[in-house]
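The structure appears right after this line, and notes come after that.
The values are calculated or read from the model by the stated rules, or taken from the named source; none is laboratory data. Everything quoted here is computed from the prediction, not taken from an experiment. Here the Cβ positions follow ideal geometry from the backbone for every residue, glycine too, while neighbour counts run over all protein chains shown. These area figures cover heavy atoms from the full protein model, side chains too; ligands, DNA and RNA do not enter into them. Shrake-Rupley method; radii C 1.70, N 1.55, O 1.52, S 1.80 Å.
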Amino acid sequence: QVQVVESGGGLVQPGGSLRLSCAASGSIFSFIVMGWYRQAPGKQRELVAQIISSGSTNYADSVKGRFTISRDNAKNTVYLQMNSLKPEDTAVYYCKAVQTSRVYWGQGTQVTVSS
């Protein structure tokens, strides 16, 4: 049974930074894709960033140049480094882990950007 757990959310001022962590049970080598999504109140869930097994990454246009997704294979963890945060980044951030036959979602972590 795979478990995906996010952490690192919180309240930050505009222009500040946060690092989110997504810890998955088992080796992250078993996942073909791991990614971060977010959902703000009244809006649809959207892809923020993803990393595939080859190490290639993809970002939403709204976060390019500000967010970085990375992985630590030894810790079975994927990170989302968020810099230059804006109020419009406020949302619940979810980690998604994809195997060939299954998709796993974390419970989400709240990120609030406000002065």
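Can you give the alpha-carbon Rg of segment 1-52 over 2.2 N^0.38 Å, where N counts its residues?
Its radius of gyration relative to the 2.2 N^0.38 Å reference: 1.34.
Any chance you could check the Cα centroid distance between segment 1-79 and segment 87-115 for me, in angstrom?
Rounded to whole Å, the Cα centres lie 7 Å apart.
Starting with the highest mean, order 78-85, 93-100 by the number of other Cβ atoms within 10 Å, averaged over the residues of each peptide.
Ranked by mean Cβ neighbours within 10 Å, highest first: 78-85, 93-100.
Rolling a 1.4 angstrom probe over the protein chains, ignoring ligands and nucleic acids, what is the accessible area of ILE69 in square angstrom, nearest 10?
Probe radius 1.4 Å; accessible area of ILE69 about 10 Å².
Take LYS64 and THR100, extend 7 Å from each Cα along the Cα→Cβ direction, and tell me the distance between the two endpoints in nm.
3.3 nm
Pick from VAL12, VAL33, VAL103: which residue has the top mean-square fluctuation in a GNM of the chain where Cα pairs under 10 Å get a spring?
VAL103
To one decimal place, what Kirkwood hydrodynamic radius in Å is obtained for segment 25-74 from all pairs of distinct Cα atoms? Intermediate results must be reported in sequence, preceding the final value.
Working: mean 1/r = 0.0832 Å⁻¹.
Answer for segment 25-74: a Kirkwood hydrodynamic radius of 12.0 Å.
So what's the chain giving for Cα Rg divided by 2.2 N^0.38 Å, two decimals?
1.00
Only sites in a loop by DSSP and with at most 15 other Cβ atoms within 10 Å count here; which trypsin sites (Lys or Arg not before Pro) in segment 7-76 make the cut?
Within segment 7-76, the qualifying trypsin sites (Lys or Arg not before Pro) (loop, at most 15 other Cβ atoms within 10 Å) are LYS43, ARG45, LYS64, ARG66.
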